[in-house]
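Here's the structure we're looking at; comments come further down.
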Amino acid sequence: MNERSAPGTGGRILVVDDDPTVAEVVTGYLEGAGFAVEHAADGVDALLRAEARRPDLVVLDLMLPCLDGLEVCRRLRATGPVPVIMLTARGDEEDRITGLEVGADDYVTKPFSPRELVLRVESVLRRSRSAASAVPRGMLRVGDLAVDPTTRRALRAGGELLLTLREFDLLAYFMEHPGTAHSREELMRRVWGWDFGDLSTVTVHVRRLRAKVEDDPARPTLIQTVWGVGYRFEPDHGKDTAA
């Protein structure tokens, strides 16, 4: 294990896992990377700790006593934006997809490399902080959609859209680059800031975003699929739709 840095220099992480061995290893590596780490062994305790002191990021196991990780993630998201990395068992693809759909920013499958987890934590936090400290940009408007990158508010027909961190960043990126086809690899690199990762993350977030900004998510006209390439944002509501 690496020599430990002064704890807390990288931010506060809440690790939620009922396996004491996993929690100890993860805590050790995160503290070694300069993070202050708090541990909760079940979902109820995790919510209480997050309410008492908001963490900068949550590492959240999917299988937990009392409340499972999906419900914890939902409740955390309901109280405000906080980055979440979910820990899932290998092969539980449906659970991973569901985790992304309820607002997790990333997931890591067990068994995992603690060093990889630290890199994922650093990547998610870096993106989150850069969004919070970004240079003010002008309001983006397309039809009844309005996005303010400075205040991180998104409106549709005057009503506020409840978007996760990644959903907001993805929508803003699309609106800043209209009419351009983007591959999933490019979107992961530009929006998530990752050069690695499961591309289904992008697919899930596009699907969630369509559900919030399209008149008919099953026949999207704003965020169109470009077959064999990826996605294209069409501000003029083109007639070609994606299945």
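The values are calculated or read from the model by the stated rules, or taken from the named source; none is laboratory data. The model shown is predicted, which means the values in this text are computed figures rather than measured ones. Backbone-built Cβ (ideal geometry, glycine too); neighbour counts: all protein chains shown.
Within the range 40-53, residues that are in the same structural domain as Glu24 (by TED's automatic domain parsing) have Cβ atoms under 7 Å from residues that are buried (at least 18 other Cβ atoms within 10 Å of the Cβ) and part of a helix (DSSP H, G or I) in these pairs: Ala40/Ala46; Gly43/Val72; Ala46/Val72; Leu47/Val72; Ala50/Leu76, counting only partners at least 6 apart in sequence or on another chain. Among the candidates Arg115, Arg49, the residue that is more than 28 Å from Ser200 (Cα to Cα), of a type in the set (Lys, Arg) and part of a helix (DSSP H, G or I) is uniquely Arg49. The residue of the range 92-108 that is nearest to Ser128 (Cα to Cα), among those that are part of a loop (DSSP other than H, G, I, E, B), modelled with pLDDT under 80 and not β-branched (Val, Ile, Thr), is Gly103. Give me the residue from the range 88-117 that is more than 18 Å from Arg12 (Cα to Cα) and hydrophobic (A, V, I, L, M, F, W, C) and, out of that set, nearest to the chain's Cα centre (by Cα). The residue in question is Leu100. Select from the range 150-167 the residues that are in contact with a strand residue (DSSP E or B) (Cβ under 6 Å, 6 or more places away or on another chain) and touching a residue at least 12 places away in the same chain (Cβ under 8 Å) and write down the one among them that is farthest from Asp105 (Cα to Cα). The residue in question is Arg156.
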